[in-house]
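K.L.:
Structure incoming, see below.
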Amino acid sequence: KVFLKIEFEKDFTIAEVRNLLAQSPGVVLQDEVENFVYPMPLTAHEKDETFVGRIRRDETQPNTLNCW
């Protein structure tokens, strides 16, 4: 697992980020925390895709998000 902090030049919505990731080749979006759906080592084991989830704004910096 890798925690990412991503800073954008412009403001964004979480929906925009999710949409972009969902359409990106090689990316598996798993971001339904309320249903316990997020990247886990068990589901990503021996897979080449990049699993992304737990997407949320970083409230400590403008135009920044955190994800796994």
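K.L.:
What residue, among those in region 20-68 that are basic (Lys, Arg) and part of a strand (DSSP E or B), is farthest from Phe8 (Cα to Cα)?
P.N.:
As a first pass, look at region 20-68 and keep what is basic (Lys, Arg): 47, 54, 56-57.
Checking the rest, the ones that are also part of a strand (DSSP E or B) come to 56-57.
Details: Arg56: 13, Arg57: 11 Å.
This residue is Arg56.
K.L.:
Another question about this same structure. Out of the residues in region 34-50 meeting the condition of being touching a strand residue (DSSP E or B) at 6+ places or on another chain (Cβ under 7 Å) and in contact (Cβ under 8 Å) with a residue 24 or more places away in the chain, tell me which one is least open to solvent (accessible area, probe 1.4 Å).
P.N.:
Within region 34-50, the match that is least open to solvent (accessible area, probe 1.4 Å) is Pro39.
K.L.:
Give Gln30, Gln23 a once-over and let me know the one that is open to solvent by 100 Å² or more (accessible area, probe 1.4 Å) and on the phi < 0 side of the Ramachandran plot. Please lay out each step first, then the result.
P.N.:
Working: Gln30 fails: open to solvent by 100 Å² or more (accessible area, probe 1.4 Å).
Exactly one residue qualifies, and that residue is Gln23.
K.L.:
If Gly53 satisfies all but one of (1) in contact (Cβ under 8 Å) with a residue 24 or more places away in the chain; (2) open to solvent by 50 Å² or more (accessible area, probe 1.4 Å), what's the number of the condition it fails?
P.N.:
For Gly53, the failing item is (2).
The values are calculated or read from the model by the stated rules, or taken from the named source; none is laboratory data. The structure displayed is predicted, hence computed values, not measured ones. Every residue, glycine as well, gets a Cβ built from its backbone with ideal geometry; the counts of neighbours run over all protein chains shown. For the accessible areas, the whole protein counts, side chains as well, though only heavy atoms, and no ligand, DNA or RNA atoms are used. Shrake-Rupley method; radii C 1.70, N 1.55, O 1.52, S 1.80 Å.
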